[in-house]
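The values are calculated or read from the model by the stated rules, or taken from the named source; none is laboratory data. Worth saying up front: this structure is predicted, and the values here are computed from it rather than measured. Quick reminder, even Gly has a Cβ in these numbers, built from the backbone with ideal geometry, and neighbours come from all protein chains shown. Heavy atoms of the whole protein, side chains included, go into the accessibility calculation; ligands, DNA and RNA do not. Shrake-Rupley method; radii C 1.70, N 1.55, O 1.52, S 1.80 Å.
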Amino acid sequence: MSDRGADRMTNGRGAAAVLAAATGCFALAVLALASDASPSIAAVLNFWRPTGPLSGVTDVAILVWLAAWFLLSRRWGARDVDLVRINLVSFAMFAGALLIVFPPIMDFLQGK
């Protein structure tokens, strides 16, 4: 006798991937803004001299993305989550990241 519940597919892992991608994008934008605005943060994020702080910005953003994906997929892997809410939050994070790195807005945020 087969268990019908075992064949059921959940959306938690997919939702985790979407939200983690948005989290990584937003982290990239915030780190880019911070490294551009603060010489001390830029110095900390300068992992490889030829590329400057961009090396640390991208490396840390990738780590944030992977950590968010790992943690969210472990938490939501076997569950159904509210995809509408996850997608709205993810869209807001993607849009926020895009706005933060848009040059006139980034300059405004830095007080230039």
Fill in: Positions within the range 88-112 being of a type in the set (A, V, I, L, M) and open to solvent by 80 Å² or more (accessible area, probe 1.4 Å), in sequence order
LEU88, LEU98, LEU99, LEU109
Worksheet item: How many of the residues in the range 32-77 are surrounded by fewer than 18 Cβ atoms within 10 Å (Cβ to Cβ) and either outside any helix (DSSP H, G or I) or in contact with a strand residue (DSSP E or B) (Cβ under 8 Å, 6 or more places away or on another chain) (or both)?
Response: 11
Worksheet entry | Filtered residues of the range 26-52 (kept if within 20 Å of LYS112 (Cα to Cα) and either free of Cβ contacts under 8 Å to residues at least 60 places away in the same chain or basic (Lys, Arg) (or both)) | LEU31, ALA34, SER35, SER38, PRO39, SER40, ILE41, ALA42
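Quick check on my filter: what residues within the range 21-56 are of a type in the set (Ser, Thr, Tyr) and over 16 Å from ASP107 (Cβ atoms)? First the steps, then the outcome.
Narrowing the range 21-56 to residues of a type in the set (Ser, Thr, Tyr): 23, 35, 38, 40, 51, 55.
THR23, SER40, THR51, SER55 - these are the residues of the range 21-56 that are of a type in the set (Ser, Thr, Tyr) and over 16 Å from ASP107 (Cβ atoms).
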Worksheet item: Does LEU63 qualify as being without any contact (Cβ under 8 Å) to a residue 12 or more places away in the chain and closer than 15 Å to ALA20 by Cβ?
Response: yes
Response to the item:
Taking the range 78-87 and keeping residues open to solvent by less than 70 Å² (accessible area, probe 1.4 Å) and not in a helix (DSSP H, G or I) leaves VAL81
